Every structure is written in structure tokens, then in C-alpha cells.
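To keep things clear, I will list the structure first and then write my remarks on it.
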Amino acid sequence: KPCSLCDEAKEVLEPYKRRFILQEVDITLPENLAWYNKYKYDIPVFHLNGKFLMKHRVDIQKFEDQLMKLELHND
């Protein structure tokens, strides 16, 4: 379904797309009921490497800091 907040977030993350894999989850699908129950009022929600990172809007500084930590850890 259209999600302007999700579209906005994807635009903000576009310059970083080579540094991470974006996996979108449609929480309205029956198989994602657990995500829907947890986040129905908080979209978009961002997890990085399986851990909650932020919700509602991209905090670019927080995202950059956490992405850098992961990259340094993996090198």
C-alpha cells in the first residue's frame, strides 16, 4: 500500500544503498502479523543487522554511526 513515510525514508537511504541490503517488510501481510502487532503505529521502522535502530524517520547520523561500527567490526 502507498506509504509516503516509507518512500521518504528510502530516498534518504538511497546514497547508502551500496553499503547495506534493504529488506522491506509489508506488515499488512498475514505472515507478518507479529510485526504488525508490534509496529502498526510506528512505521517506518528500521532494523540494522537484526537489531532495532529507529522508527518514524531516518536519523541519518545514528544510521551512519551504526553502519560504520558494523563495517569496522566486519573488516
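The values are calculated or read from the model by the stated rules, or taken from the named source; none is laboratory data. Note that the coordinates shown come from a computational prediction; the quantities given were computed from them, not determined experimentally. A quick note on method: Cβ atoms are made from the backbone with ideal geometry, for glycine too, and the neighbour counts reach across all protein chains shown. What goes into the accessible areas is simple: the full protein's heavy atoms, side chains included, and nothing from ligands, DNA or RNA. Shrake-Rupley method; radii C 1.70, N 1.55, O 1.52, S 1.80 Å.
Points worth noting:
- Residues of segment 1-35 classified as farther than 23 Å from D65 by Cβ and touching a helix residue (DSSP H, G or I) at 6+ places or on another chain (Cβ under 7 Å), total: 4
- Selection status of I27, touching a residue at least 12 places away in the same chain (Cβ under 8 Å) and β-branched (V, I, T): yes
- Cβ-Cβ under 7 Å pairs, at least 6 apart or on other chains, segment 36-51 side among the acidic types (D, E), far side open to solvent by 70 Å² or more (accessible area, probe 1.4 Å) and not in a loop (DSSP other than H, G, I, E, B): D42/K55
- From the list E71, E64, the lone residue that is surrounded by fewer than 12 Cβ atoms within 10 Å (Cβ to Cβ) and of a type in the set (D, E) is E71.
- Among residues of segment 1-10, those that are over 12 Å from the mean Cα position of the chain (by Cα) and surrounded by fewer than 13 Cβ atoms within 10 Å (Cβ to Cβ), counted: 3
- Residue in segment 17-33 that is farthest from D7 (Cα to Cα), counting only those that are open to solvent by 80 Å² or more (accessible area, probe 1.4 Å), assigned to a loop (DSSP other than H, G, I, E, B) and aliphatic (A, V, I, L, M): I21
- Among residues of segment 34-66, those that are closer than 24 Å to S4 by Cβ and either in contact with a Pro (Cβ under 6 Å, 6 or more places away or on another chain) or among the aliphatic types (A, V, I, L, M) (or both), counted: 7
- Failed condition for F52, given (1) within 9 Å of the chain's Cα centre (by Cα); (2) part of a helix (DSSP H, G or I); (3) of a type outside the set (D, E, K, R): (2)
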